[in-house]
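Novice: One structure follows; several queries about it will come next.
Just so you know, all these numbers are worked out from the coordinates, no wet-lab data involved. Bear in mind the structure is a predicted one, so any value in this text is a computation, not a measurement. Here Cβ is always computed from backbone atoms with ideal geometry, including for glycine, and neighbour counts include all displayed protein chains.
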């Protein structure tokens with residue numbers, strides 16, 4: 001892994017929840033009935049969230065995405081129940097974030113409801129300094145409101161925060177809010193034509209070194 005040159009560390013590290021911190025894919029597969037349909041459902045859900053702009057009930061968005069994937073919209077409740085009860089954090093998540101929390105403030109920025117976001121964040125096994133949901137922000141990522149709400153709660157300037165994305169779209173959103181971005185690409189997703197993140201990771205473990213290295217932006 002290549003990290004930025006040594007310098008003052010970040011003041012905060014913010015995380016996507018359902019991909020960067022959790023292995024939620026198996027829940028989509030189980031509820032959808034097969035991996036391909038589950039992946040389609042998940043993709044449509046992300047697409048609808050990214051296009052939604054202002055917040056509308058997350059449960060409705062998941063149901064609409066189910067229909068687009070060829071599933072009964074009522075299956076949305078099964079998915080949300082699975083996320084609350086079964087979604088598992090990546091194996092190293094609790095240890096890495098526990099150590100990280102001794103150095104910087106940590107938080108979650110996630111595209112879901114208040115209830116779901118807080119319940120699922122608790123599954124990671126650490127105490128976050130803030131958990132920001134799309135519902136609380138009144139808008140879905142990739143709009144800047146969720147990212148900026150988290151930064152405001154932590155009283156941290158965007159240039160002093162690192163965002164850990166789980167999907168390539170989140171790279172664009174977090175960068176647009178003024179943060180450096182690390183991409184936890186555990187799923188080996190393609191970047192497409194997006195500008196690359198500061199670093200691409202296949203584990204959360206290198207974040208301890210990266211957080212200590214601090215902001216990498218050359219324009220400041």
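Novice: For segment 151-207 and segment 56-79, write down the distance between their C-alpha centroids in whole Å.
Specialist: Taking the Cα centre of each part, segment 151-207 and segment 56-79 sit 27 Å apart.
Novice: Tell me, 109, 156 in order of fewest to most beta-carbon neighbours within 10 Å?
Specialist: Going from sparsest to densest Cβ surroundings: 156, 109.
Novice: Which three extents, in whole angstrom, do the alpha-carbon atoms of segment 25-85 cover along their principal axes, largest first?
Specialist: The Cα atoms of segment 25-85 stretch 30, 22, 19 Å along their principal axes.
Novice: While we're looking at this one, here's another question. How would you rank 115, 127, going from fewest to most other Cβ atoms within 10 Å of each one's own Cβ?
Specialist: Ordered from fewest to most neighbouring Cβ atoms within 10 Å, 115, 127 come out as 127, 115.
Novice: Let me ask something additional. Only Cα pairs under 8 Å and at least 6 apart count here; give the relative contact order of the chain as a rounded whole percent.
Specialist: Contact order relative to length: 29 percent.
Novice: Still on this structure, I have one more. Which percent, nearest 5, of DSSP beta bridges in the chain are antiparallel?
Specialist: Close to 15 percent.
Novice: Could you give the nm distance between label points at residue 188 and residue 212, where each point is 7 Å from its Cα heading toward the beta carbon?
Specialist: 3.1 nm
Novice: Further, regarding this structure: Using label points projected 7 Å from each Cα along Cα→Cβ, tell me how many nm separate residue 127 and residue 86, to one decimal.
Specialist: 3.2 nm
Novice: Another question, then. Calculate the FRET efficiency for residue 95 and residue 195 from the Cβ-Cβ distance with a Förster distance of 35 Å, rounded to the nearest 0.05.
Specialist: 0.70
Novice: A follow-up question, please. Which order results if 118, 184 are arranged by neighbouring Cβ count within 10 Å, fewest first?
Specialist: 118, 184
Novice: Taking N as the number of residues in the chain, what is its alpha-carbon radius of gyration divided by 2.2 N^0.38 Å?
Specialist: 0.96
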